[in-house]
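A short worksheet on the structure shown next.
The values are calculated or read from the model by the stated rules, or taken from the named source; none is laboratory data. Please read all numbers here as calculations on a predicted model, not as lab measurements. Glycine gets a Cβ as well: all are built from the backbone with ideal geometry, and neighbour counts include every protein chain shown.
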Amino acid sequence: MKQLFFRISDLIWVIVLILIDRLAKIIVQVFLEQDKEIILVKKIASLRLVLNEGAIFSLPFGRWILVLGTVIILVILGALYLRGVFHRETECLGVALVFAGAVGNLVDRLFWGRVIDWLSVSFWPAFNFADVMIVFGVILMGLGVFRVGKEIK
């Protein structure tokens, strides 16, 4: 029963995080014109609407290749999760973050053909909340794998 509780709470987190990502993107589209900036920290961070048709770092891949790749990753990740591969709370949170971020960007690609990026820092291409979730999710999943590796030794 405990495992079922975590799965239901993870699903709730995924839904809430997808809604936060969607809301942030809607707000940015309403209040920002494309490629106009709102400076948050001078020469360091700003809000800027960027419609990204590429993949990570705006690398040029076809829309449907990215959609298919995302769906494959979501299916694999979901199957591993449902098989109980992820046991620790950090791993489960990591999976939830990656899943929510991937779905958030997938929705953009399916409905608009591009991802809505809106955070910009001086040393990095524009990104969004979904990207942040994916990065932190992968880190948390990696930490879980590292811990398992230490326990086996």
Legend entry - Search result, residues across segment 82-102 that are within 25 Å of Leu23 (Cβ to Cβ) and in contact (Cβ under 8 Å) with a residue 40 or more places away in the chain: Cys92, Leu93, Gly94, Val95, Ala96, Leu97, Val98, Phe99, Ala100, Gly101
Legend entry - Any pair with Cβ under 9 angstrom, 6 or more apart, that starts in segment 129-144 at a residue that is closer than 23 Å to Gly84 by Cβ and surrounded by 15 or more Cβ atoms within 10 Å (Cβ to Cβ) and ends at one that is hydroxyl-bearing (Ser, Thr, Tyr) and at pLDDT below 95: Leu140/Thr90; Met141/Thr90; Gly144/Thr90
Inset, instruction - Name the residue, out of Arg88, Arg109, Arg63, Arg114, that is basic (Lys, Arg) and more than 18 Å from the chain's Cα centre (by Cα). - result: Arg88
Inset, instruction - Using the structure shown, decide if Gly113 is in contact with a helix residue (DSSP H, G or I) (Cβ under 6 Å, 6 or more places away or on another chain), in contact (Cβ under 8 Å) with a residue 60 or more places away in the chain and surrounded by fewer than 22 Cβ atoms within 10 Å (Cβ to Cβ). - result: yes
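Considering each of Trp118, Trp64, Trp124 in turn, give the residue that is aromatic (Phe, Trp, Tyr) and touching a residue at least 40 places away in the same chain (Cβ under 8 Å). Give the derivation first.
Numbers: Trp64 fails: touching a residue at least 40 places away in the same chain (Cβ under 8 Å); Trp124 fails: touching a residue at least 40 places away in the same chain (Cβ under 8 Å).
Answer to the selection: Trp118.
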